[in-house]
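Have a look at the structure below before the remarks.
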Amino acid sequence: MAKESSTKASPHAHSDRFIEAATERALDVDHLAHLYRQMFLIRRVEEESARAYATGKVGGFLHLYIGQEAVGVGAIAALRPDDNVVTTYRDHGIALAKGMPAKALLAELWGKKTGCSQGLGGSMHLFDKAHNMLGGYGIVGGHIPLACGVAFAAKYQQQDRVTLCFFGEGAVSIGGFHEGLSLAALWKLPIVFICENNEYAMGTPLSRTLSIEDVSQKAEAYGMHRDRLIVDDVLDVEAHVAVAVERARKEQLPTLMELRTYRFRGHSMSDPAKYRTQLELDDHKQRDPMTRARAQLLAAGYAEDRLLDLERSAEEEVAAAVAFADDSPEPDLSLLAPTTYAGPFAY
Amino acid sequence: MSNMRQMRFREALREAMSEEMDRDERVFLMGEEVGHYQGAYKVTEGMLDRFGARRIIDTPIAESGFAGIGIGAAMMGLRPIVEFMTWNFSAVAFDQILNNASKVRQMSGGQFSCPIVFRGPNGSAKQVGSQHSTSMEHFYATIPGLKVVAPAFPADAKGLMKQAIRDDNPVVFIESETLYSVKGDVAEDQDAIEFGHAKIVRTGSAVTLVAYSRMTHVALDAASLLAKEGIDVEVVDLRTLRPLDEETIVRSVQKTHRCIVVHEGWSYGGVGAEIADRVQRLAFDWLEAPILRVAQLDVGMPYNARLEQACIPQPERVRDTVKRLVFRDG
Ligand SMILES: Cc1ncc(C[n+]2csc(CCOP(=O)(O)OP(=O)(O)O)c2C)c(N)n1
């Protein structure tokens, strides 16, 4: 039994309306410049991470966000600082967009004590309580019910804080996704589920993961609002997510959003990505939302000098973060017991 | 004597599965990235080409779903091999394995069996962090109705995998990412190896080290370190955890009078605790020292490389534990 009021009949019609709305609004050039800088910073941080992986400074699994920057940056731009974010192991870009300093992130990847989780969590598990970044999680779908719990806590405490929960389209088949959505709809939780559909779950294309092509349709059976868009324009992402965030904040209603995006690198550093063609990859790189934002800025009269300054300042931030990570000390064994239990160790 | 071939652990597994698929049409393989991608760790490389998409089945990320499908299919007489990309992800399917696979035979009064193999890499790899480094065999080994297999060498991987596929019960087959490239001799006609037989992989007299899977190699490395100091230890490679070959362990302890269990994963209530219980009951009069365990430190796995290495049993930690035991009254 679907809830009458809550589903959108045509996500495409819905999308078009908001694209119009976004273009009708006067372009806030400084705001776009701010988002562009965030995307640029993320990409440079990712490139440095990849380099450090090759030289052995970073170990384990490393999942890069390159190509998807506009999703995290645009979505988080629609939040207040006290709103919460939960995501997967592909968490670097999300953490930076939520306000984690680049040096805390890189130091974590380097396994250093000055990292956001003192070098204990690593690339897949970035947490920053001060910025309401509630973690990257490694078990596909496992974080979705947890994110609903974060939203539940806000509602319980009568706070108007919203939770954003990111995941890939690969997570849509697993129980955690369905149980999370089911409860969020039933209990009217203030949460926005953002499926970053980058077309591949590791080496598996969408067509072999799901029986339907439109992920957002999954919302229908739960009587949940949905939205869907192709990520070309970071401002467009922000505008769409803002609608869902307002719905969560004002009406305590969840939304499932599907954002079509693309990752330019392999699933992780060990994946040569042989399952797709160079042509396909090149085509997506042609439509890189970060490049598009840059062009948009220039077209809007943002001076090239200012743009170069902005890029230079991001470069400096990354270089300083690398130096900071290099120079930081490693954690020692004494950290393990107190980070296992609050209070005395239970043996 | 048949001809020996050098083979990697992953190749031995692949050969065992392929041979069993050749000999039994009911056997099929299912899991994430096992087909088109050729396996996340290349264990199933080439199998899709050879057997086709009907028998080498790529699944979405839905462990509970495809484990359950395997169990239902097994009840109907098929012989599924279900790959978990790593055993960490089997936690999502734990209910299926615990409440369906292990129990359906008894619940049905013996009417239905569940001949299925669950397999994949277990335990830590290298810096893959807290949620990707759990040693799951301890949980599964507590469950009656399951068999749990954990080979250390390619020949055993092949023989035990063949047996696992032929077995009429659900079998948990424990591998390790760090073992996949290990090479070893495998006989050309290596056949199924019966469960429940441990193997003495190094003879010695000072202490019995009991290990399995990757830790057998750590125990052997420790034995080499100790040999340089004139301490001669015996290493028992369990090969199967359930059934457990207590006879071989006890016989060894009767000779050495000391026992240390080496395993990945936590010590609390784990496989080492089970072995300690059996040894103290069955070889009490022969023991000259308490039974010790070398296991993962009693905390989650940290990402930092040095801390991780400190948490995982290393040859040096095994060596030091042996020396503590041997020089106890010296
Ligand atoms: C329950 C579970 N099964 C399998 C894995 C291994 N795994 C990690 S990421 C991944 C693919 C996920 O793809 P998707 O959800 O589309 O996200 P993306 O990596 O594209 O961001 C797989 C199979 C896991 N981490 N958890």
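Values quoted throughout were computed directly from the atomic coordinates according to the rules given, and no laboratory measurement underlies them. The structure presented is a predicted model; accordingly, all values stated were derived computationally and were not measured. Note that each Cβ is placed from the backbone with ideal geometry, even for glycine, and that neighbours are counted across all protein chains shown.
Suppose we keep only residues that are without any contact (Cβ under 8 Å) to a residue 60 or more places away in the chain and crowded, with 20+ Cβ neighbours inside 10 Å within region B:13-27. Which one would you say is farthest from the other protein chains (Cβ to nearest Cβ)?
B:Met21
Only one residue in B:Glu264, B:Glu234, B:Glu288 is assigned to a loop (DSSP other than H, G, I, E, B), more than 14 Å from chain A (Cβ to nearest Cβ), within 25 Å of B:Ala157 (Cα to Cα) and touching a residue at least 24 places away in the same chain (Cβ under 8 Å), so which one is that?
B:Glu264
Return the only residue of A:Ser216, A:Ser207, A:Ser211 being more than 30 Å from A:Ala153 (Cα to Cα) and not in a loop (DSSP other than H, G, I, E, B).
Within the list A:Ser216, A:Ser207, A:Ser211, the selection yields A:Ser207.
In region B:14-47, how many are more than 16 Å from the ligand (Cβ to nearest atom) and either among the charged types (D, E, K, R) or in contact with an Asp or Glu (Cβ under 7 Å, 6 or more places away or on another chain) (or both)?
12
Residue under question is A:Ala154, and the condition is that it be buried (at least 24 other Cβ atoms within 10 Å of the Cβ) and part of a helix (DSSP H, G or I); does it hold?
It is false that A:Ala154 is buried (at least 24 other Cβ atoms within 10 Å of the Cβ) and part of a helix (DSSP H, G or I).
If you scan region B:40-52, which residues turn out to be in a helix (DSSP H, G or I) and farther than 19 Å from B:Arg79 by Cβ?
Once the filter is applied, which keeps residues that are in a helix (DSSP H, G or I) and farther than 19 Å from B:Arg79 by Cβ, region B:40-52 yields only B:Asp49.
Which residue, of B:Thr208, B:Thr178, B:Thr134, is more than 16 Å from the ligand (Cβ to nearest atom), within 30 Å of B:Arg324 (Cα to Cα) and within 14 Å of another protein chain (Cβ to nearest Cβ)?
B:Thr178
Anything in region B:161-195 that is under 21 Å from B:Phe84 (Cβ atoms), assigned to a strand (DSSP E or B) and among the aliphatic types (A, V, I, L, M)? List them, or say none.
Once the filter is applied, which keeps residues that are under 21 Å from B:Phe84 (Cβ atoms), assigned to a strand (DSSP E or B) and among the aliphatic types (A, V, I, L, M), region B:161-195 yields B:Val171, B:Val172, B:Ile174.
Grab the helices (runs of 4 or more DSSP H) fully contained in region A:231-311, keeping just those with 2 or more residues being over 24 Å from A:Ser216 (Cβ atoms).
Fully inside region A:231-311 and qualifying: A:278-286, A:289-299.
Residue-wise test of (1) buried (at least 22 other Cβ atoms within 10 Å of the Cβ); (2) within 14 Å of chain A (Cβ to nearest Cβ); (3) within 16 Å of the ligand (Cβ to nearest atom).
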{"residue": "B:Phe51", "(1), (2), (3)": "no, no, no"}
{"residue": "B:Ile69", "(1), (2), (3)": "no, yes, yes"}
{"residue": "B:Met75", "(1), (2), (3)": "no, no, no"}
{"residue": "B:Gln96", "(1), (2), (3)": "yes, yes, yes"}
{"residue": "B:Asn100", "(1), (2), (3)": "no, no, no"}
{"residue": "B:Lys103", "(1), (2), (3)": "no, no, no"}
{"residue": "B:Met107", "(1), (2), (3)": "no, no, no"}
{"residue": "B:Gln111", "(1), (2), (3)": "no, no, no"}
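Looking at A:Gly142, A:Gly170, can you tell me which residue is surrounded by fewer than 24 Cβ atoms within 10 Å (Cβ to Cβ), within 11 Å of another protein chain (Cβ to nearest Cβ) and not hydrophobic (A, V, I, L, M, F, W, C)?
Every option except A:Gly142 fails the conditions.
Restricting attention to region A:196-222, and to residues there that are among the hydroxyl-bearing types (Ser, Thr, Tyr) and away from every other protein chain (no Cβ under 13 Å), which single residue is farthest from the ligand (Cβ to nearest atom)?
Going through the qualifying residues, I end up with A:Tyr222.
Yes/no matrix, rows are residues, columns are (1) over 27 Å from A:Ala26 (Cβ atoms); (2) touching a residue at least 12 places away in the same chain (Cβ under 8 Å); (3) among the charged types (D, E, K, R); (4) in contact with a Ser or Thr (Cβ under 7 Å, 6 or more places away or on another chain):
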{"position": "A:Ala295", "(1), (2), (3), (4)": "no, no, no, no"}
{"position": "A:Ala299", "(1), (2), (3), (4)": "no, no, no, no"}
{"position": "A:Glu304", "(1), (2), (3), (4)": "no, no, yes, no"}
{"position": "A:Phe345", "(1), (2), (3), (4)": "yes, no, no, no"}
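Which condition does B:Gln254 not pass, out of (1) out of contact with any Ser or Thr (no Cβ under 7 Å at 6 or more places or on another chain); (2) crowded, with 19+ Cβ neighbours inside 10 Å, if it passes all the others?
Every condition holds for B:Gln254 apart from (2).
Confirm whether B:Arg79 is in contact with a Phe, Trp or Tyr (Cβ under 7 Å, 6 or more places away or on another chain) and either within 14 Å of chain A (Cβ to nearest Cβ) or within 30 Å of B:Arg8 (Cβ to Cβ) (or both).
Against the criterion (in contact with a Phe, Trp or Tyr (Cβ under 7 Å, 6 or more places away or on another chain) and either within 14 Å of chain A (Cβ to nearest Cβ) or within 30 Å of B:Arg8 (Cβ to Cβ) (or both)), B:Arg79 does not qualify.
Can you find even one residue in region B:288-306 that is in contact with a strand residue (DSSP E or B) (Cβ under 8 Å, 6 or more places away or on another chain), surrounded by 15 or more Cβ atoms within 10 Å (Cβ to Cβ) and of a type in the set (Val, Ile, Thr)?
Yes, there is a match, as at least one residue in region B:288-306 is in contact with a strand residue (DSSP E or B) (Cβ under 8 Å, 6 or more places away or on another chain), surrounded by 15 or more Cβ atoms within 10 Å (Cβ to Cβ) and of a type in the set (Val, Ile, Thr).
Whether any residue in region A:87-95 is crowded, with 23+ Cβ neighbours inside 10 Å and more than 16 Å from the ligand (Cβ to nearest atom) is what I want to check.
Scanning region A:87-95 turns up no residue that is crowded, with 23+ Cβ neighbours inside 10 Å and more than 16 Å from the ligand (Cβ to nearest atom).
Among what's in region A:120-133 and is more than 16 Å from the ligand (Cβ to nearest atom) and surrounded by fewer than 23 Cβ atoms within 10 Å (Cβ to Cβ), pick the residue that is nearest to B:Met85 (Cα to Cα).
That would be A:Phe127.
Condition first: at positive phi and within 15 Å of the ligand (Cβ to nearest atom). Can you find one or more residues in region A:173-195 that meet it?
Within region A:173-195 (the criterion being at positive phi and within 15 Å of the ligand (Cβ to nearest atom)), the answer is no, since none of the residues qualifies.
For region B:53-65, which residues satisfy the criterion of being assigned to a strand (DSSP E or B) and more than 16 Å from the ligand (Cβ to nearest atom)?
Residue satisfying the conditions is B:Ile56 alone.
Which condition does A:Ala325 not pass, out of (1) within 14 Å of another protein chain (Cβ to nearest Cβ); (2) among the hydrophobic types (A, V, I, L, M, F, W, C); (3) within 22 Å of A:Ala102 (Cβ to Cβ); (4) in a loop (DSSP other than H, G, I, E, B), if it passes all the others?
(4)
Test A:Gly121 against the stated conditions and say whether it is closer than 19 Å to A:His92 by Cβ, within 14 Å of another protein chain (Cβ to nearest Cβ) and outside any helix (DSSP H, G or I).
Taking the combined requirement at face value, the residue satisfies it.
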